[in-house]
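The values are calculated or read from the model by the stated rules, or taken from the named source; none is laboratory data. Everything numeric in this text was worked out from a predicted model, so none of it was measured. Here the Cβ positions follow ideal geometry from the backbone for every residue, glycine too, while neighbour counts run over all protein chains shown.
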Amino acid sequence: MKKLENKLEQNKVRPTAMRLLVLKALQNQKAAVSLQDLEMTFEKADRVTLYRTLKTFQDKGLVHSIEDGTGATKYALCQDGCECAPEDMHVHFFCNSCNDTFCLPKLKIPSVSLPQGFIPVETNLLVKGICANCS
Ligand SMILES: [Zn+2]
Ligand SMILES: [Zn+2]
Ligand SMILES: [Zn+2]
């Protein structure tokens, strides 16, 4: 738990029992999780608390959100040093078979040169297909 506490403090998030539990749950996931997934992990916690915890983590650069076309926003832990800037972002993979969404942190999104006057805020690259567990 000490390591998790440090991680929160490094990102200027006050470690509460709930935040530590959510962080731990996120670390144990191989795929990105939706709010609904988290609700199933924490049957006793209410949805609003879980949502706020995720939002806090997102604001502080602990997690990033992913739109994978399923309609549910999914969340995954950021790599150390990630500032969620467009140049930090990696490719995501959505599996059509198990519906899981994975971070591919080694695959950075190539930078695109935008026309003059266009300012990037976030970039997204989602590949769909069959994941290694299902192929
Ligand atoms: Zn990030
Ligand atoms: Zn799969
Ligand atoms: Zn990711």
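Could you check region 1-42 and list, in sequence order, the residues that are away from ligand 3 (no atom under 16 Å from the Cβ), surrounded by fewer than 16 Cβ atoms within 10 Å (Cβ to Cβ) and basic (Lys, Arg)?
Hits for region 1-42 are Lys2, Lys3, Lys12, Arg14, Lys24.
Out of curiosity, is Gln29 within 16 Å of ligand 2 (Cβ to nearest atom), polar (S, T, N, Q), assigned to a loop (DSSP other than H, G, I, E, B) and modelled with pLDDT under 95?
Values: within 16 Å of ligand 2 (Cβ to nearest atom): yes; polar (S, T, N, Q): yes; assigned to a loop (DSSP other than H, G, I, E, B): yes; modelled with pLDDT under 95: yes.
Yes, satisfied.
Taking Asp68 as meeting all but one of (1) among the acidic types (Asp, Glu); (2) surrounded by fewer than 13 Cβ atoms within 10 Å (Cβ to Cβ); (3) over 26 Å from Glu9 (Cα atoms), write down the number of the exception.
It fails just one condition, (2).
Please find, within region 61-88, the residue that is nearest to Val127 (Cα to Cα) out of those that are touching a residue at least 40 places away in the same chain (Cβ under 8 Å), more than 10 Å from ligand 1 (Cβ to nearest atom) and assigned to a loop (DSSP other than H, G, I, E, B). Break it down stepwise before answering.
Going residue by residue through region 61-88, those that are touching a residue at least 40 places away in the same chain (Cβ under 8 Å) are 61-62, 66-69, 74-77.
Retained after the next criterion (residues that are more than 10 Å from ligand 1 (Cβ to nearest atom)): 66-69, 74-75.
Adding the requirement that they be assigned to a loop (DSSP other than H, G, I, E, B) leaves 67-69.
Working: Glu67: 12, Asp68: 9, Gly69: 11 Å.
Within region 61-88, the match that is nearest to Val127 (Cα to Cα) is Asp68.
From the list Val121, Val63, Val112, Val127, exactly one residue is near ligand 3 (Cβ under 10 Å from one of its atoms) and not acidic (Asp, Glu). Which is it? Step through it out loud before you land on a result.
Numbers: Val121 fails: near ligand 3 (Cβ under 10 Å from one of its atoms); Val112 fails: near ligand 3 (Cβ under 10 Å from one of its atoms); Val127 fails: near ligand 3 (Cβ under 10 Å from one of its atoms).
Answer to the selection: Val63.
Here is a list of conditions, (1) at pLDDT below 95; (2) aliphatic (A, V, I, L, M); (3) within 12 Å of ligand 3 (Cβ to nearest atom), and Leu104 meets all of them except one; can you say which number that is?
Checking Leu104 against (1) at pLDDT below 95; (2) aliphatic (A, V, I, L, M); (3) within 12 Å of ligand 3 (Cβ to nearest atom), the one that fails is (1).
Every residue, every condition in (1) surrounded by 10 or more Cβ atoms within 10 Å (Cβ to Cβ); (2) away from ligand 2 (no atom under 16 Å from the Cβ), yes or no:
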| site | (1), (2) |
| --- | --- |
| Glu83 | no, yes |
| Glu87 | yes, yes |
| Ser97 | yes, no |
| Pro110 | no, yes |
| Gln116 | no, yes |
| Ile119 | no, yes |
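Can we say Tyr51 is within 13 Å of ligand 1 (Cβ to nearest atom) and either buried (at least 20 other Cβ atoms within 10 Å of the Cβ) or at pLDDT 95 or above (or both)? Give the derivation first.
Details: within 13 Å of ligand 1 (Cβ to nearest atom): no; either buried (at least 20 other Cβ atoms within 10 Å of the Cβ) or at pLDDT 95 or above (or both): yes.
So Tyr51 fails the test.
Give just the number: which of (1) surrounded by 15 or more Cβ atoms within 10 Å (Cβ to Cβ); (2) assigned to a helix (DSSP H, G or I); (3) at pLDDT below 95; (4) not acidic (Asp, Glu) does Ala45 not satisfy?
Of the numbered conditions (1) surrounded by 15 or more Cβ atoms within 10 Å (Cβ to Cβ); (2) assigned to a helix (DSSP H, G or I); (3) at pLDDT below 95; (4) not acidic (Asp, Glu), the odd one out for Ala45 is (2).
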